[in-house]
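The values are calculated or read from the model by the stated rules, or taken from the named source; none is laboratory data. Only a predicted model underlies this, so the values are computations on that prediction, with no experimental measurement involved. Cβ coordinates were reconstructed from backbone atoms using ideal geometry, including for glycine residues, and neighbour counts include every protein chain displayed. What goes into the accessible areas is simple: the full protein's heavy atoms, side chains included, and nothing from ligands, DNA or RNA. Shrake-Rupley method; radii C 1.70, N 1.55, O 1.52, S 1.80 Å.
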Amino acid sequence: MLALDGIAKHFGGIRAVDDLALTVAKGEILGLIGPNGSGKSTTVNLICGLYPVTAGRITLDGRDITDLPTHRRLSEGIARTFQNIRLFGGLTVWQNLWVAQNAPAHRKERGYLARWLGGSKQAREETGRLLDFAGLAHRKDELAANLAFGEQRRLELARALATRPSLLLLDEPAAGMNAEEIAALDERIRELKRQGYTIVLIEHHMELVMAVSDRVCVLNFGRKIAEGTAAEVQADPAVRQAYLGTA
Ligand code: ADP
Ligand code: MG
């Protein structure tokens, strides 16, 4: 579904991502891990178009999307969450989802905007399902800015789902969560996997990423240093060195 072909992002002298080749198959959960500053978030920013690439090519379902702006990539089915949450703080929980539901992908459907503005039954039901999935039904009229941290993370995930993505990029969804919240997130990600979502999951909680990923890719200094099953990368000396600083 997704192919990164020798992509690079340089910030002045910093090679945040360097000659990275990576593929993601439909229905796969790819775990993307690596020490702090290894280029994980930059990779997500390149895939969703927040940053232009310095070099390389990105294709989605065989189509070159390297030069498409972010909103066009969204309409091609790429949605994401942010490591540092970015909700519409002045909108309610419900409104955050409602806006996302009107993402460009939906506008391809005839009459969608009219249905959206009119508040169609179908769209309302979809918002309701997402509120339930995120455990936020009781908070639907609260401003996003007033939510607790864990609730904000759940709302961001639901907002990404509201765009009906074919590829979901999750940048450290468990960051800042307590053990109970992480367990609930783990269950939600497993549910998305059962539903057949294709996901790139960046995560520091190794238990979570190792449990749900079909394949794990490890970055260090912007380069891929290992790729394989959870067990394979855990046993890889280069990975141990990157994390622990010893061979
Ligand atoms: P990770 O998500 O793996 O922790 P990042 O992708 O955020 O790593 O960062 C990779 C490297 O690129 C780091 O050295 C970081 O300081 C640098 N970097 C990231 N974004 C920018 C930016 N907008 N401007 C300059 N340097 C950046
Ligand atoms: Mg990051």
Asserting the computed 222 nm helical MRE of the chain (DSSP H runs at least 4 long, -39500 (n - 2.57) per run, divided by residue count, to nearest 500) equals -11500 deg cm²/dmol
Rounded to 0.05, the calculated FRET efficiency for the beta carbons of residue 5 and residue 175 at R₀ = 35 Å is 0.75
For the chain, the dipole about the Cα centre with charges only on Cβ (Lys and Arg +1, Asp and Glu -1), to the nearest 20 debye, works out at 820
With every protein chain kept in place and a 1.4 Å probe, region 160-247 has an accessible area per residue in Å² of 46
Taking placed amide H atoms and a strict 5 Å upper bound, the residues 5 or more places from residue 31 or on another chain that come that close are 201, 214, 215, 216, 217
With all protein chains present, the chain has a carbon and sulfur share of its accessible area (1.4 Å probe) in percent of 53
Per DSSP, the loop-located chymotrypsin sites (Phe, Trp or Tyr not before Pro) within region 163-247 having at most 14 other beta carbons within 10 Å are none
Set 193/224; 9/193; 40/193, cut-off 28 Å on Cα-Cα distance; pairs above it are 9/193
Against the 2.2 N^0.38 Å rule of thumb, the C-alpha Rg of region 178-247 sits at a ratio of 1.21
FRET efficiency (residue 146, residue 14; Cβ distance; R0 30 Å; to 0.05) is 0.20
